[in-house]
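Please treat every number below as a calculation from the coordinates, not as lab data. Owing to the predicted nature of the structure, the values given are computational and were not obtained by experimental measurement. Here the Cβ positions follow ideal geometry from the backbone for every residue, glycine too, while neighbour counts run over all protein chains shown.
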Amino acid sequence: MARSNRLSLAAGVALVLGAHSAAFAGGPSDDKLVIDGEMEIMTRVAPPEGHPLDEVISGWHYRTEETRDLEADSFQNPGMLYVERGEEIWNTVEGDAGKSCASCHEDGEEFLKGIGANYPKWNADAGKPFNIELQINQCREENMQAKPYKFDAADQKALTTFIKHQSIGMPVEVDLTEGDMKAWWDKGEELYYTRTGQLNLSCATCHEDYNGNYIRADHLSQGNVNGFPTYRLKQSAMVSLHNRFRGCIRDTRAAFPPAFSDDLMALEVYVTWRGSGLGVETPAVRQ
Amino acid sequence: MRTGARLTSLPALLAGLTVMAASVATAGTVAPDSVPIEDMELTQTLTDNKGDPAAGREAFADRKKGNCLACHANTDLKEQLFHGEVGPELDGVADRWSEEQLRAIVVNSKDVFGEQTIMPGFYTLKVGVNVAEENAGQTILTAQEVEDVVAYLMTLKDN
């Protein structure tokens with residue numbers, strides 16, 4: 001890749017603008033994400049009211065051409081294997097009740113359409129927002145009498161990927177009017193702007209103030225989550241959202257909260273809202 | 001922007017103070033945050049030993065130390081790939097800043113550029129919340145490494 005060209009271009013833009021941050025110096029690509037040449041995904045949308053940025057942009061635009069192409073071809077996208085595995089799990093009986101997901105919900109592709117686009121969602125019984133992983137575990141324990149998945153178990157990631165994938169292309173929309181969702185949003189916003197660790201960085205420091213710029217070889221995106229679980233080339237595996245949250249926080253040299261803790265659920269509510277209107281990309285492919 | 005008041009939380013400050021009390025500066029070494037940065041300068045050197053530019057060049061590039069290339073391009077280290085662009089390029093930095101100013105920026109850039117800067121403070125305990133156990137009470141660079149990096153930066157001249 002022509003990194004040196006990018007750098008000198010970036011420097012040129014910075015000089016012309018005289019901007020302190022040279023925002024969008026490396027810049028998101030102008031490409032369009034069309035999966036298999038037929039389904040265009042909304043990857044640049046107008047922000048919801050109260051959003052700090054002028055445009056909401058999918059992380060897809062910040063990746064290399066090769067990575068972007070991988071996601072645009074569902075035959076080549078390695079994440080699609082997890083979708084297939086997730087469908088198997090959907091139809092597999094587990095637990096003392098002798099049920100599979102399909103026993104109650106029947107055809108996954110039919111039942112699940114649009115569901116993943118509206119998570120996290122208020123769960124009145126639990127008194128907190130639920131993401132897909134928590135919803136799966138509740139179903140397993142209460143309806144299937146099966147053991148809940150441990151965080152990042154292979155089957156948890158595959159089933160979550162399958163469920164989210166049934167909403168591919170549908171706009172992300174979180175319902176903040178249900179229950180106490182707004183309070184969780186507030187908490188998430190506070191965490192988003194809280195600087196952590198020895199490096200003293202918040203989510204906003206990189207993903208709001210400097211998206212479009214390179215940190216070393218890493219092109220900073222807006223940190224939108226519409227593609228999770230995401231296939232990451234670095235790990236050669238599906239990566240869950242809470243795994244990525246923890247990785248980012250760890251990189252500030254801070255102690256990171258447990259997966260599905262109140263802090264990370266609040267952050268999920270807030271960060272998902274920041275990507276409102278983007279099409280679901282699961283399984284996205286990233287660096 | 002909206003975050004000024006949140007950046008230095010009370011727990012972080014308290015944690016910092018506790019840790020400072022625990023870490024005893026070695027003889028001839030200035031303890032973190034014990035000398036204030038004034039008018040964008042830190043005139044006092046942090047150690048009795050003069051900075052070593054060659055060692056500073058290494059600490060500058062070392063990902064576990066300064067990791068300065070993460071954010072700054074620097075032609076003098078062009079053998080290393082992928083220089084970041086979040087901070088200004090450092091070619092000729094010694095023509096633009098004095099040694100005292102560079103020391104202040106490396107020690108705690110927030111005392112020079114303001115709280116909003118993305119640049120970490122490399123010799124301060126005024127940092128973010130929930131510092132990981134292995135980093136608690138530690139500065140990113142040692143006093144000597146700061147002096148070495150400053151000595152190295154002073155060699156980056158265009159004129």
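Can you give the angle from 0 to 90° between the axis of helix A:181-192 and the longest principal axis of chain A, with both taken from C-alpha atoms, to the nearest 10?
40
Which residue, A:A158, A:F260, A:S29, has the largest displacement toward the positive end of the dipole of the protein assembly as shown when charges sit on each Cβ (Lys, Arg +1; Asp, Glu -1)?
Final value for the positive-end residue is A:F260.
Would you please classify the overall shape of the range A:37-124 from the alpha carbon gyration tensor, given that a ≥ b ≥ c denote the square roots of the eigenvalues, rounded means a/c under 1.5, and beyond that prolate means a/b larger than b/c while oblate covers the rest?
Judged from the Cα gyration tensor, the range A:37-124 comes out oblate (a/c at least 1.5, b/c at or above a/b).
Across the residues of A:242-252, average count of Cβ atoms on other protein chains within 10 Å?
1
Return P(r) of the range A:80-165 (all Cα-Cα pairs; 10 Å bins starting at 0; whole %; ordered from short to long distances).
18, 54, 27, 1
Past the 14 angstrom mark, what percentage of all C-alpha to C-alpha distances in the range B:28-67 do you count?
The share of Cα pairs beyond 14 Å in the range B:28-67 comes to 61 percent.
For A:K182, list the lysines whose Cα falls under 30 Å from its own Cα; do not include residues on the same chain fewer than 8 positions away.
In chain and number order, the partners are A:K113, A:K121, A:K128, A:K150, A:K157, A:K164.
What percent of all Cα-Cα pairs in the range A:157-286 falls into each 5 Å bin, going from 0 up to the bin containing the maximum distance?
2, 10, 18, 24, 23, 15, 6, 1, 0
Dipole of the protein assembly as shown, Cα-centred, from +1 at each Lys and Arg C-beta and -1 at each Asp and Glu C-beta, to the nearest 20 debye?
That gives the protein assembly as shown a dipole magnitude of about 620 debye.
Take the Cβ-Cβ distance between A:N123 and A:M39 as r, set R0 to 25 Å, and report the resulting FRET efficiency rounded to the nearest 0.05.
Efficiency at R0 = 25 Å is approximately 0.20.
Among A:T194, A:T205, A:T64, which comes first, second and so on when ranked by fewest other beta-carbon atoms within 10 Å?
A:T64, A:T194, A:T205
Once Rh is set to the Kirkwood radius over Cα pairs, what Stokes-Einstein translational diffusion coefficient, in µm²/s, holds for the range B:50-135 at a temperature of 4 °C and a viscosity of 1.567 mPa s?
Answer, rounded: 92 µm²/s.
Distance from the Cα centre of the range B:106-120 to that of the range B:77-103, in angstrom?
Cα centres, the range B:106-120 to the range B:77-103: 15 Å.
Work out the length of the dipole vector of the range A:80-165 about its Cα centre, built from +1 on the beta-carbon of each Lys and Arg and -1 on the beta-carbon of each Asp and Glu, and round it to the nearest 20 debye.
Approximately 360 debye in magnitude.
What is the ratio of the Cα radius of gyration of the range B:15-159 to 2.2 N^0.38 Å, with N the residue count, to two decimals?
Here the Cα radius of gyration is 1.01 times the empirical estimate.
Give me the extension gain from A:F75 to A:N91: residue separation times 0.36 nm, minus the current Cα-Cα distance, reported in nm with one decimal.
Roughly 3.5 nm would be gained on extension.
I need A:Y210, B:Y152 ordered by Cβ neighbour count within 10 Å, fewest first.
Starting with the residue having the fewest Cβ neighbours, the order is A:Y210, B:Y152.
Rank these for me by crowding, B:C71, A:C139, going from fewest to most other beta carbons within 10 Å.
A:C139, B:C71
Straight distance only, please: which aspartates and glutamates reach the Cα of B:K126 with their own Cα at less than 14 Å, same-chain residues fewer than 8 apart left out?
Once the sequence-local aspartates and glutamates are set aside, what remains near B:K126 is B:D33, B:D111, B:E115.
For the protein assembly as shown, how big is the tail of P(r) above 29 Å, as a whole percent of Cα pairs?
Taking all Cα-Cα pairs of the protein assembly as shown, the fraction more than 29 Å apart is 51 percent.
Enter the mean number of other protein chain beta carbons within 10 Å of the beta carbon of each residue in A:202-214, as an integer.
Other-chain Cβ atoms within 10 Å of each residue's Cβ, averaged: 4.
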